[in-house]
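Below is one structure, written out as structure tokens; the observations come after it.
The values are calculated or read from the model by the stated rules, or taken from the named source; none is laboratory data. Not measured: the values here are computed from a predicted model. FYI the Cβ positions are ideal-geometry reconstructions off the backbone, even for glycines, and counts take in every protein chain you see.
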Amino acid sequence: MATAAAAKIIAARVVNKALVLAVAAAHLPHQAPMVVVVRRWLIVTQEFFSGIINQAPSDCVGKNFYTRDGFINAVNSYSDLGKRGSVDESKREIAAFFAHATHETGYFCFIEEDEATRETACRPSTDYPCNPDKKYYGRGPFQITWNYNYGPAGKSIGLDLLNSPETVASDAAVAFKTAIWYWVGNVRSVLSQGFGATTRAINGAKECDGQNSAAVQARAALYKSYCSQFNVDPGTNLSC
């Protein structure tokens, strides 16, 4: 039986082999360039996911909610997260996504915002009017908040989250889809500027430019750790 370490090495070789084959194909005569399709399950292994969630306290509700299968189901049915650019670029994007998700949820401990700080989180909106019986406080890996986020996120993934925001806290795949929706629409475009730019895009007003240096460094430390696990250089500009 292969050990976990051996399995990790085999997975890394498969991912890297895909890149080698794509480069080789691009140089063959009369051949169109091959598109590299990075299999997210080869990057986000069960070992990687468990390594995150196992750091959460045993009594965390998120330990029985967030799963690797939930993440894989979300990206396979909804998004091209981690499928653009080179293999290394894919690894860095996934490392960045998980660094922020880990930080926001305390190693996937929290599903919903702390009860003491929960608010209705409703602002007047013609396009995404609030249901007066619902609250739009933080839920999921990125703690999506406000009706003007629940509305378009739900529309994007094919659900009416304005009238059922609690679905984000009851279905792991939906929870990950909302986080991916936010990532693709608000964060992905700054990836080329370095990890620090992604922190600014997610919570810059409260953390960047000296607002909360400890949080900025905590996010960066997670990102560097995950890049190391994926055997990829984290790049520069890690702070904001």
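Descriptive notes on the structure:
- Considering residues of region 162-196 that are of a type in the set (S, T, N, Q) and within 12 Å of Ile144 (Cβ to Cβ) only, the residue nearest to the chain's Cα centre (by Cα): Thr178
- Search result, residues across region 176-201 that are assigned to a helix (DSSP H, G or I), within 15 Å of Leu81 (Cα to Cα) and not polar (S, T, N, Q): Phe176, Lys177, Ala179, Ile180, Trp181, Tyr182, Trp183, Val184, Gly185, Arg188, Val190, Leu191
- Entry remark, region 215-240: residues being in a helix (DSSP H, G or I), over 21 Å from Ala205 (Cβ atoms) and not hydroxyl-bearing (Ser, Thr, Tyr) number 4 in total.
- Those helices (runs of 4 or more DSSP H) of region 58-175 in which at least 1 residues are in contact with a Cys (Cβ under 9 Å, 6 or more places away or on another chain) and closer than 19 Å to Val44 by Cβ, considering only elements entirely within it, cover 87-105.
- Entry remark, region 103-121: residues being closer than 23 Å to Gln217 by Cβ and either touching a residue at least 40 places away in the same chain (Cβ under 8 Å) or under 14 Å from the mean Cα position of the chain (by Cα) (or both) number 8 in total.
- Being out of contact with any Leu (no Cβ under 7 Å at 6 or more places or on another chain) and at pLDDT 95 or above is true of Tyr136.
- Scanning region 202-220 for residues that are hydrophobic (A, V, I, L, M, F, W, C) and over 23 Å from Ser86 (Cα atoms), we see that the one that is nearest to the chain's Cα centre (by Cα) is Ile202.
- Among the residues making up region 164-181, those that are touching a Gly at 6+ places or on another chain (Cβ under 9 Å) and either of a type in the set (A, V, I, L, M) or surrounded by fewer than 22 Cβ atoms within 10 Å (Cβ to Cβ) (or both) are Ser164, Thr167, Val168, Ala169, Asp171, Ala172, Ala173, Val174, Ala175, Ala179.
- Taken residue by residue, region 14-24 has no member that is loosely packed, with under 11 Cβ neighbours inside 10 Å, of a type in the set (S, T, N, Q) and at pLDDT below 75.
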